[in-house]
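There's a structure below that I have some questions on.
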Amino acid sequence: QVQLVESGGGLVQAGGSLRLSCAASGRTFSSYVMGWFRQAPGKEREFVAAIAWSSGSTYYADSVKGRFTISRDNAKNTVYLQMNNMKPEDTAVYYCAARPGVVVTHRFGYSSWGQGTQVTVSS
């Protein structure tokens, strides 16, 4: 059973940076895609970024391109989301997700989810 545990959320000022971590366990992830999603109050959960574990290929939502970077550490079975030049509209609960196979950007394509971590960006 896949288990995902996020950490690293918090309060940051606009223009600042945070790094989220997602520790994955329960299986070998070489054939998996790992994604980050976020959900702001009153809004649907939206795609932020994804990485194919084996190839390292990355994918980003237009709203975060050039500011966020997704990466993985094979030895630690951990996926990171480095968030720079943050904006108030980045405020949300951020979720780590996993799915076998190819990259998809809709939340319904992911079968495993973490509990989420709150990120708040003040103006």
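Using a 1.4 angstrom probe on heavy atoms only, work out the carbon and sulfur share of the accessible area of the chain in %. Before the final figure, lay out the partial values.
Details: 2860 of 6100 Å².
Here it works out to 47 percent.
How many angstrom lie between the C-alpha centres of the range 3-52 and the range 66-123?
For the range 3-52 versus the range 66-123, the Cα centre distance is 2 Å.
Once you put a point 7 Å from the Cα of residue 65 and another 7 Å from the Cα of residue 30, both along the Cβ direction, what distance in nm separates them?
Output for this residue pair reads 3.2 nm.
Extending each Cα 7 Å along its Cβ direction at residue 1 and residue 73, get the distance between those two points in nm, one decimal.
2.6
Please give the net charge around residue 123, taking every other residue with its beta carbon less than 12 angstrom from that of residue 123, where Lys and Arg add +1 and Asp and Glu add -1.
For residues surrounding residue 123, the net value is -1.
If you roll a 1.4 Å probe over the heavy atoms of the protein chains, what accessible area per residue do you get for the range 35-121, in Å²?
48
Still on this structure, I have one more. Taking the alpha-carbon distance from residue 43 and a cut-off under 23 Å, which lysines remain once sequence neighbours fewer than 8 residues away in the same chain are dropped?
Partners within reach: 65, 87.
Right, next: With r defined as the distance between the Cβ atoms of residue 84 and residue 118 and R0 fixed at 22 Å, what FRET efficiency is calculated, to the nearest 0.05?
So the FRET efficiency works out to roughly 0.75.
Find, among the trypsin sites (Lys or Arg not before Pro) in the range 48-86, those assigned to loop by DSSP (not H, G, I, E, B) with at most 12 other beta-carbon atoms within 10 angstrom. Before the final figure, lay out the partial values.
Numbers: sites: 65, 67, 72, 76; in loops: 65, 67, 76.
For trypsin sites (Lys or Arg not before Pro) across the range 48-86 that sit outside H, G, I, E and B with at most 12 neighbouring Cβ atoms in 10 Å, the list reads 65, 76.
The values are calculated or read from the model by the stated rules, or taken from the named source; none is laboratory data. What you see is a predicted model, and the numbers here were worked out from it, not measured in a lab. Using ideal geometry, Cβ is built from the backbone for each residue, glycine included, and neighbour counts are taken over all protein chains shown. Surface areas here come from the heavy atoms of the whole protein model, side chains and all, with no ligands, DNA or RNA. Shrake-Rupley method; radii C 1.70, N 1.55, O 1.52, S 1.80 Å.
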